[in-house]
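First up is the structure itself, then whatever we jot down about it.
The values are calculated or read from the model by the stated rules, or taken from the named source; none is laboratory data. In this text the structure is predicted, and so the values were computed from the model without any measurement. Cβ sites come from the backbone with ideal geometry, for glycine too, and all protein chains shown count toward neighbours.
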Amino acid sequence: MCSELAGCETCFMLECPVCGADELKVPPYATWPPPSGVMLVPPYEDLLGLPSYEVCPNCGFEFGNDDNPGTDPPVSFRQYLIDWRNAGSPRFSASWEPALLVSDSGLWLGRKSGRWVVGRRSSGHPTDVGAEAISLLVLLERDWDVARLEIEELERETPALGAIPVRPTVKLALTAEVSPHWTVKSVGWLKAGCPLDGLHDDLARVSRDKRIPQRARHDAVKLLKARPA
């Protein structure tokens, strides 16, 4: 904490606008503090100039990335604070190992404390993958053959963590619980050679579900005929 008097300009300049911790090394944007009376809307660099790309040591907000993540929706200071508090206000920790790029939006699969987690490289609190692996649905956007090789290599490197729950992800995408978009992607993986074992009933449901695009339903029928149980 700063040893100067409370309210000093230096303290404010280095105070995180998300959580309030005065631990930043540099101001978060080129124009800081923000002009008075201006409503801030992410991405903040549009108004405040070049971001520092520093990660707050307390809450983990990365200036210029979390508020401008590319293809993902930008996150405001307020929304990030709400999500961070709902997660228990964990102190940022970079002690996890991103190992496999899950999507072009910057989501990674990695290892932390003996379990599989997903998150952005800058995240200090990645999310547990979990048994149903809903957090891995975006992996279905990738080419099956490329993803399969990377997954197999990663599993060989870390046998103690067990298999990455790819099969539950493929199965989940075939159900009515998610968007038809993921069902189409899942059928695409199965067409490309992803094992069909234990998924015949799910694929049969897809073939009858008129919410699914017709082409994907026809592909499901062809898969069931070509690779019967």
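Across region 104-119, the number of residues qualifying as part of a loop (DSSP other than H, G, I, E, B) and either among the hydroxyl-bearing types (Ser, Thr, Tyr) or at pLDDT below 80 (or both) comes to 5.
Taken over region 137-160, residues that are surrounded by 14 or more Cβ atoms within 10 Å (Cβ to Cβ) and in a helix (DSSP H, G or I) amount to 12.
Take residue 197 and tell me if it is more than 20 Å from residue 107 (Cα to Cα), surrounded by 13 or more Cβ atoms within 10 Å (Cβ to Cβ) and more than 19 Å from the chain's Cα centre (by Cα). The answer is no for residue 197. The sole residue among 89, 93 that is touching a Gly at 6+ places or on another chain (Cβ under 6 Å) and more than 17 Å from residue 107 (Cβ to Cβ) is 93. So, residue 187, is that one farther than 29 Å from residue 97 by Cα, buried (at least 17 other Cβ atoms within 10 Å of the Cβ) and in contact (Cβ under 8 Å) with a residue 24 or more places away in the chain or not? Spelling it out, residue 187 is indeed farther than 29 Å from residue 97 by Cα, buried (at least 17 other Cβ atoms within 10 Å of the Cβ) and in contact (Cβ under 8 Å) with a residue 24 or more places away in the chain.
Residue count for region 26-50 satisfying the condition of being closer than 15 Å to residue 13 by Cβ, surrounded by fewer than 18 Cβ atoms within 10 Å (Cβ to Cβ) and touching a helix residue (DSSP H, G or I) at 6+ places or on another chain (Cβ under 7 Å): 4.
Could you grab me the full set of residues in region 71-91 that are charged (D, E, K, R) and either over 17 Å from residue 120 (Cα atoms) or without any contact (Cβ under 8 Å) to a residue 24 or more places away in the chain (or both)? Listed by number, the residues that qualify are 78, 83, 85.
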